[in-house]
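Here the structure comes first, spelled out in structure tokens, and everything after it is commentary.
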Amino acid sequence: MPAMRPRTPPDDVLERLTAHCRESGMKVTPQRIAVYRAVAGSCAHPTPDEVFHEVRADMPSLSLATVYKTFDCLVELGLIARVANDGSTHRYDANLEPHHHLVCGSCDSITDFTDAGLSRLRLPRNLDGFAPEKVSVQVIGTCEDCQDDLR
Ligand SMILES: [Zn+2]
Ligand SMILES: [Zn+2]
């Protein structure tokens, strides 16, 4: 079973956002709080569209364009990261600890997992001039729920 990471408690979210904003001289806005809270409170690697629909219920004046801008800002603040995927929609992760992803080809779910062996993976020395930053393995397959549906 993949180890599920605990969701970030709401107090930590605000504290972390405030600290990062202060460091970068940016304002803590209600939009930034709401969007970061939504991403940090989810293990599902949500898209800006999904977060928009979730947050809009409490913040009817919020626009999708603002949500996109807020995502860019949170990436810049180092609070969330874009999950590399080959689709056209970008998904985001508030879990910045080294980890890997289980990607379901049926429902597009992305689940975090950690594995000491994979994290020690040694890269080949010659990467054709590419400068590596981190290694995150994507395991493509079928999640438990989708396997149940097939039975
Ligand atoms: Zn699935
Ligand atoms: Zn992740």
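The values are calculated or read from the model by the stated rules, or taken from the named source; none is laboratory data. These numbers come from a predicted model, not from an experiment. Virtual Cβ from ideal backbone geometry, glycine too; neighbours counted across all protein chains shown.
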(message) Could you tell me how many of the residues in segment 55-78 are of a type outside the set (A, V, I, L, M) and within 21 Å of LEU96 (Cβ to Cβ)?
(response) 8
(request) Examine segment 117-135 for a residue that is modelled with pLDDT under 90, within 16 Å of ligand 1 (Cβ to nearest atom) and in a loop (DSSP other than H, G, I, E, B), and state whether such a residue exists. (result) no
(message) Quick check on segment 108-125. Is at least one of its residues within 15 Å of ALA44 (Cβ to Cβ), away from ligand 2 (no atom under 12 Å from the Cβ) and not assigned by TED's automatic domain parsing to the domain that holds THR29?
(response) yes
(request) Please list, ordered by first then second residue, the pairs with beta carbon atoms under 6 Å, 6 or more apart or interchain, first in segment 129-151 and surrounded by 11 or more Cβ atoms within 10 Å (Cβ to Cβ), second hydroxyl-bearing (Ser, Thr, Tyr). (result) THR142/SER106; CYS143/SER109; CYS146/SER106
(request) Identify all residues within segment 57-94 that are in contact with a Ser or Thr (Cβ under 9 Å, 6 or more places away or on another chain) and over 20 Å from CYS21 (Cβ atoms); write none if there are none. (result) VAL83, ALA84, THR89, HIS90, ARG91
(message) Within segment 96-104, does at least one residue satisfy the condition of being in contact with a His (Cβ under 8 Å, 6 or more places away or on another chain), over 14 Å from ALA44 (Cβ atoms) and without any contact (Cβ under 8 Å) to a residue 60 or more places away in the chain?
(response) no
